[in-house]
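Here the structure is laid out as structure tokens; the discussion comes afterwards.
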């Protein structure tokens, strides 16, 4: 049974067809986009004590599940694409991986010690960023890691509007750090 997905999440779900899910990792590795990002996120995950609860939304192909299992972390992964969920389940059979909606997370408030939202913000409209942030921050205890594509970041006033939309949505949260990963991709560490 596939979970009910909001119209907002259907955009991302439609983007990751079976064919695209099957090629996703190969293409990302070929373009050299993942290695620096992978290293940064794995370092963050290795800092967590065993038993910490992590939400990976969207989980994609589950590329962080191995290090989570090694650390004894309790992982929940959701993705709007059933094709990506299938890939992630094959990689992390003990993790709780399911089709879900990032705009309507099925979890209680502050249920997770860390929330990861990697390579997602660029898939949604600017108007939907505050809605996604509201849910991610609602289920996070005190830390959310997002990656964002921010073109023209090196220009003084050229940052992408999506980052400004996120910043205006933070409420009591603040950006603890912003690290360039690769090209115009950034890892943003947000804390309460």
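Annotations for the structure displayed:
- Condition check for residue 145: part of a strand (DSSP E or B) and either in contact with a strand residue (DSSP E or B) (Cβ under 9 Å, 6 or more places away or on another chain) or surrounded by 15 or more Cβ atoms within 10 Å (Cβ to Cβ) (or both): yes
- Annotation note: Cβ proximity below 9 Å between a residue of the range 39-57 that is without any contact (Cβ under 8 Å) to a residue 12 or more places away in the chain and at negative phi and a residue that is surrounded by fewer than 18 Cβ atoms within 10 Å (Cβ to Cβ) and part of a loop (DSSP other than H, G, I, E, B) (sequence gap 6+ or interchain) occurs for 49/72.
- Residue 124 touching a residue at least 12 places away in the same chain (Cβ under 8 Å), in contact with a strand residue (DSSP E or B) (Cβ under 8 Å, 6 or more places away or on another chain) and farther than 15 Å from residue 190 by Cα: no
- Considering the range 66-86, the residues that are touching a helix residue (DSSP H, G or I) at 6+ places or on another chain (Cβ under 9 Å) and assigned to a loop (DSSP other than H, G, I, E, B) include one that is farthest from residue 55 (Cα to Cα), namely 81.
- Test result for residue 103, at pLDDT 90 or above, crowded, with 21+ Cβ neighbours inside 10 Å and within 24 Å of residue 171 (Cα to Cα): no
- Index of the failed condition, residue 43 passing every other in (1) closer than 19 Å to residue 187 by Cα; (2) modelled with pLDDT of 95 or more; (3) touching a strand residue (DSSP E or B) at 6+ places or on another chain (Cβ under 9 Å): (3)
- Residue match in the range 68-82 (condition: crowded, with 18+ Cβ neighbours inside 10 Å and farther than 20 Å from residue 146 by Cβ): yes
- Taken together, 91, 168, 134, 143 contain a single residue that is without any contact (Cβ under 8 Å) to a residue 40 or more places away in the chain and closer than 20 Å to residue 51 by Cα, which is 91.
- The residues on offer are 98, 134, and the sole one that is outside any loop (DSSP other than H, G, I, E, B), surrounded by fewer than 17 Cβ atoms within 10 Å (Cβ to Cβ) and touching a helix residue (DSSP H, G or I) at 6+ places or on another chain (Cβ under 8 Å) is 134.
- Extreme residue, surrounded by the most Cβ atoms within 10 Å (Cβ to Cβ), among residues of the range 115-128 that are part of a helix (DSSP H, G or I) and under 13 Å from the mean Cα position of the chain (by Cα): 121
- Residue ID - modelled with the highest pLDDT, chosen from residues in the range 3-40 that are surrounded by 11 or more Cβ atoms within 10 Å (Cβ to Cβ), outside any helix (DSSP H, G or I) and in contact with a strand residue (DSSP E or B) (Cβ under 9 Å, 6 or more places away or on another chain): 33
The values are calculated or read from the model by the stated rules, or taken from the named source; none is laboratory data. All figures in this text were calculated on a predicted structure; none of them were measured in a lab. Cβ coordinates were reconstructed from backbone atoms using ideal geometry, including for glycine residues, and neighbour counts include every protein chain displayed.
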